[in-house]
Each structure stands twice: as structure tokens, then as C-alpha cells.
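The values are calculated or read from the model by the stated rules, or taken from the named source; none is laboratory data. Small disclaimer: the values here were computed from a predicted structure and weren't measured. A quick note on method: Cβ atoms are made from the backbone with ideal geometry, for glycine too, and the neighbour counts reach across all protein chains shown.
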Amino acid sequence: MGVMRFTVHPEGLLDPDSDARRAYVSGFDGRVFPARIEPTPGQVEIRRVNSDSGKLHISYPVEGFGRPVICTASLRESDDPYILALELARGRIVQLRNQLATWEALGMTVPDNFQEVHREAHSLFAQATAAKPDVAKVAALADMAIARSLEAAELLTTAYVRQRLMVRLKRSPQLPVSFSCEINCDADIEAHGEIFQQAFTSAAVPIEWKQIEKQEGEYDWDLLDKLVEWGTENRMLLRGGPLLNLSQNGLPEWLKQWGHDFFNLQSFLSDFVETAINRYLGRVRIWEVSSRVNTGGAFNLNEEERLTLVAKTLEVARQVDEEAQLQIRIEQPWGAYQAAGEHRLSPIQFVDALLRCGVGLSGVNLEIAAGYNDQSALPRDLLDTSRLIDQWSMLEVPLSVTLAYPSTALPDPASTSDLTVRAESCSDAEQAKWIDKMVSLLMAKQSVVGIYWSHLSDKAPHEFPNAGLINADGTPKDGIQSFLKHRSGQSLS
């Protein structure tokens with residue numbers, strides 16, 4: 001069994017539940033190794049079946065940046081423990097240097113203020129390395145190096161986004177990127193329909209089996225009919241779904257009696273997909289056929305069974321509407337969930353397998369949420385997100401991205417999930433700031449054709465607590481102004 005140990009200084013720096021236990025180790029190809037994380041106040045120990053070299057990814061407190069996920073360089077096993085802060089500083093500087101070389105090779109002009117901060121990060125790292133074996137001094141200097149390297153990364157990525165957008169706008173004054181948000185409450189559409197149309201070019205309608213057929217054979221389409229009618233009357237591009245949610249509690253309760261009968265289960269899923277698409281044929285042009293496909297959980301289906309179900313339902317959807325765009329949603333696109341050892345395929349491998357089947361998949365929707373105490377929402381900086389989009393772009397299919405970020409840590413009675421909000425950096429202003437950064441980055445990526453916000457209103461049922469753009473009392477949040485700015489082109493001037 002392979003073992004890697006990291007000394008944490010000062011003791012108690014990491015929260016053993018929200019930081020250390022959600023760490024994971026990846027290989028040189030990005031594959032996440034199954035591992036058992038054993039944290040103590042002064043050490044993190046990682047046990048794996050194999051002993052290959054790997055990179056540790058861990059949420060780490062950095063002054064001025066919260067607790068972003070940072071990774072080490074590739075490390076081999078060692079009898080002596082590594083100093084966590086030093087290895088995180090080394091990994092971040094190496095990652096930043098490699099990205100700098102890539103963007104310079106593509107003709108990017110590097111800003112002067114980046115070079116100064118980057119050199120300072122290098123200097124602090126060198127001092128930290130020379131301070132061994134004084135762990136306290138090494139950790140203090142390494143922490144400063146991490147902070148400076150994160151600052152440098154933000155400067156570099158922001159410059160990349162600005163220059164990339166300028167290049168794209170020279171080629172086409174109107175970027176081919178749609179702005180969309182889920183409309184989950186007809187009352188809010190009546191009250192805020194005008195500002196919605198100003199902020200978004202597209203509307204996502206939550207056509208989901210569990211909410212439509214709560215009792216077998218009894219369908220409730222009333223709310224969805226109203227939402228689709230509103231979108232059609234206002235000439236909005238409509239996306240429906242996700243029709244099928246393959247998470248543990250994402251399918252109708254009555255279907256559990258068929259959970260061990262795979263062939264009948266496949267038939268039920270296919271029938272609903274056919275029914276829903278036929279009902280809105282010609283009005284809904286984009287269908288998100290399924291979600292939670294890579295992580296799963298429904299009826300303990302294994303990866304092969306989930307692949308079969310997703311492929312079959314995509315095939316059925318294509319037969320019903322030959323002209324529709326068909327998507328699936330990918331949860332945890334970085335693949336951190338693989339650390340539990342329950343999945344063989346990485347998120348990209350899962351989608352690649354579907355593409356090779358030739359089932360008519362038109363695009364992939366990546367779900368990126370932040371600000372929650374959950375493995376799926378580990379906080380990432382702009383550089384990490386940029387690298388993720390570039391990695392998924394290699395599949396050469398159009399990408400959409402669904403975003404979510406909370407505006408408050410207060411309890412959210414309308415949330416349908418057990419997600420809890422991280423208290424730090426949680427406000428209307430922080431939500432709007434995060435939207436500005438993420439939307440600008442995604443607009444700079446040629447492979448991204450759609451930017452979706454999780455939901456409009458916090459009053460109606462929704463998955464991500466407090467992530468709506470309209471408060472439960474009907475007042476708009478700062479975040480919707482951010483979308484207005486991007487939609488109008490003010491952010492590009």
C-alpha cells in the first residue's frame with residue numbers, strides 16, 4: 001500500500017472534515033486515485049492501493065483568498081513526511097510557470113505587474129526551502145509564497161481573459177454565447193420578466209421527472225406549461241431538463257420497485273423522455289436529457305448500467321426530435337469524487353465513451369458551484385477553472401457551464417438538497433463578484449456556447465441554497481446586475 005504523509009503547521013490549521021478529508025491525489029494524466037485520508041491536528045496521511053507518484057489537491061487557508069483548492073507538484077512516496085505548505089507552494093509555482101509558458105507561446109502579452117509578484121513568490125519559496133529544518137519558519141514563508149502565487153495567477157488569468165476577449169470581438173462583434181437562467185417560479189416571471197429578458201437570451205425550464213410524475217401515471221405539467229408558454233411568447237431560446245436525475249434521490253419514489261429490474265427501468269426512463277419531448281416539440285430546442293450521470297447513486301446502478309441508460313435515453317430523444325440539441329450535465333468535472341474508489345471512469349472518460357457510441361450527444365453541461373461545504377463545491381480560482389475548460393475542450397464538443405454561488409449563509413427552507421453554505425465570503429456583493437469573474441472567463445473560451453445560472457428565485461424549490469438572483473421576498477440581488485452588464489456588453493468596453 002502506498003503512503004504519503006504531510007506535516008501541517010501550525011497544528012489545527014486544517015479543518016479535518018471540510019479540508020483534509022476532502023483532499024484527493026491525482027496522477028500525471030489527471031486521473032484521481034482511490035485513497036483513504038487520515039488527518040490529525042499536525043499531519044495528513046494518504047493511503048492508496050498503488051504507490052505511483054501523485055499530486056495532492058487540498059483546500060488550504062490562504063490570507064486574502066479564503067480556502068481554495070491548491071495542489072502540490074507530483075510527489076513520490078517518502079519515509080519522511082513532506083511539509084504541506086512548502087509542497088503546495090512548489091506545486092502552485094510550477095503550475096503557474098507552465099501556464100505562463102503556454103500562453104506566451106500563443107502570443108499573450110504578459111503584464112508587468114504579474115512579473116513582479118511572480119518573482120516575489122519565487123523568492124519566498126526559495127527562502128522557505130532554505131529554512132529547513134525549521135518547520136515553523138518554512139511554513140510561514142511558504143504560506144506567503146502561496147498567497148503571492150495566487151495573486152500572480154489572478155493577474156495573469158485576468159490579463160488572458162481581457163486579451164482573449166479582444167481577439168474574439170475583433171473576429172465577431174457579437175460573441176456566440178448564450179446567457180441563461182432557470183425560471184422556477186411563474187410569479188417571479190410576472191414580477192421580474194422584463195429584467196430577465198434584459199439579462200438573459202435563453203431560459204431553462206426545470207422539466208424533471210421526479211417533480212412531474214410523483215405518482216405513477218399522474219402527470220402535473222401546469223407550471224411547466226406556463227413557463228414554456230411565457231418563454232415562447234417572448235421569443236426566448238428554451239432549454240428543458242434535466243429530464244432524468246440519476247442521483248440517489250433524483251428519480252420518482254414509485255420507481256424504486258423497479259430498481260432491480262434494469263430492462264424495465266430502462267423502458268420507464270425512455271418512455272418519460274419520449275413523453276416530455278413530444279409535449280414541447282418545436283418549442284424547447286435544447287434538452288438536458290440527464291444529470292448526475294457520472295457520479296450516479298440512483299438504485300446503486302454501476303457505471304456500465306448508467307452509461308447504457310444515458311446512451312439509450314439520448315437515442316430515444318434523438319428519434320423524437322432530430323433537430324434538437326441534446327446535452328447531459330456533468331457534476332464535479334474535476335473528478336474529485338473518484339477518491340472514494342467507487343468509479344473507474346473519470347468525468348471526461350464517461351463522456352468520451354458516450355461520444356464513441358454515436359448516440360447524438362450535442363454538447364456537455366459542466367456544473368461549477370462554489371461556496372458550499374461539499375466535495376462537489378470545493379473552491380477553485382480562475383486559473384484552475386481556465387485549465388478545466390481547456391481540458392474539456394479537447395473533446396471537441398460544445399460546452400455549457402451551469403454556475404451557482406450563495407449570497408448568504410442563512411437557512412434556506414426552499415432548498416431541495418442537504419448542501420450547507422460556507423460562512424466566509426458570503427454576501428450579495430461576493431456573489432456578484434464571483435459571477436463577474438466566471439462569466440468573463442467563460443466568454444473568453446471559444447468552446448463555451450452557453451452560460452447558465454442555477455435558478456432565478458430563492459422562493460420556489462431549488463437545489464443550491466441561496467444561489468438565486470431574486471430573494472425569497474422578491475427583491476433582486478446584485479448578481480442579476482452582473483448579468484445585465486455582461487449581456488449589454490458593458491463588461492467588454
(request) Return the residue satisfying two criteria in turn: it lies in segment 58-73 and is part of a strand (DSSP E or B) and in contact with a Lys or Arg (Cβ under 9 Å, 6 or more places away or on another chain), and of such residues it is surrounded by the fewest Cβ atoms within 10 Å (Cβ to Cβ). (result) 66
(message) Of the residues 376, 407, only one is in contact with a helix residue (DSSP H, G or I) (Cβ under 9 Å, 6 or more places away or on another chain), in a helix (DSSP H, G or I) and among the polar types (S, T, N, Q); which?
(response) 376
(message) Could you list, ordered by first residue, the pairs with Cβ atoms under 9 Å in which the first is in segment 431-444 and not assigned by TED's automatic domain parsing to the domain that holds residue 379 and the second is assigned to a helix (DSSP H, G or I) and among the small types (Gly, Ala, Ser), at least 6 apart or interchain?
(response) none
(request) Kindly indicate whether any position in segment 25-39 is over 30 Å from residue 349 (Cα atoms), touching a Phe, Trp or Tyr at 6+ places or on another chain (Cβ under 9 Å) and assigned to a strand (DSSP E or B). (result) no
(request) Report yes if residue 18 is touching a Pro at 6+ places or on another chain (Cβ under 8 Å) and either modelled with pLDDT under 90 or not charged (D, E, K, R) (or both), otherwise no. (result) no
(message) Report every pair of residues separated by at least 6 positions or lying on different chains whose Cβ atoms are under 7 Å apart, first residue within segment 481-493 and closer than 18 Å to residue 449 by Cα and at pLDDT below 70, second among the polar types (S, T, N, Q) and not in a helix (DSSP H, G or I).
(response) none
(request) Find the residue count for segment 331-351, including only residues that are over 19 Å from residue 207 (Cβ atoms) and either touching a strand residue (DSSP E or B) at 6+ places or on another chain (Cβ under 6 Å) or assigned to a helix (DSSP H, G or I) (or both). (result) 12
(request) Search segment 393-402 for residues being buried (at least 22 other Cβ atoms within 10 Å of the Cβ) and hydrophobic (A, V, I, L, M, F, W, C), and hand back the single one that is farthest from residue 447 (Cα to Cα). (result) 401
(message) Here is a list: 293, 289, 284, 273. Which entry is assigned to a loop (DSSP other than H, G, I, E, B), in contact with a strand residue (DSSP E or B) (Cβ under 7 Å, 6 or more places away or on another chain) and under 19 Å from residue 213 (Cβ atoms)?
(response) 284
(request) Quick one: which residue in 316, 310 is touching a Ser or Thr at 6+ places or on another chain (Cβ under 6 Å), over 29 Å from residue 35 (Cβ atoms), at pLDDT 95 or above and not in a loop (DSSP other than H, G, I, E, B)? (result) 316
(message) Looking only at segment 422-435, filter to residues that are in contact with a strand residue (DSSP E or B) (Cβ under 8 Å, 6 or more places away or on another chain) and at pLDDT below 90; which one of those is nearest to residue 18 (Cα to Cα)?
(response) 422
(message) Step by step: first the residues of segment 387-408, then only those that are touching a Gly at 6+ places or on another chain (Cβ under 9 Å) and of a type in the set (A, V, I, L, M, F, W, C), then the one that is farthest from residue 363 (Cα to Cα). Which residue is that?
(response) 404
(request) List every residue pair whose Cβ atoms lie under 6 Å apart, where the two residues are 6 or more positions apart in sequence or sit on different chains, the first residue falls within segment 388-409 and is farther than 19 Å from residue 471 by Cα and at pLDDT 95 or above, and the second residue, located anywhere, is outside any loop (DSSP other than H, G, I, E, B) and acidic (Asp, Glu). (result) 402/367
(request) Pairs only if they're at least six apart or on different chains, beta carbon under 6 angstrom, first in segment 302-321 and assigned by TED's automatic domain parsing to the domain that holds residue 266, second part of a helix (DSSP H, G or I) and β-branched (Val, Ile, Thr); list them, first residue then second. (result) 313/273; 316/273; 317/273; 317/277; 320/277; 321/277
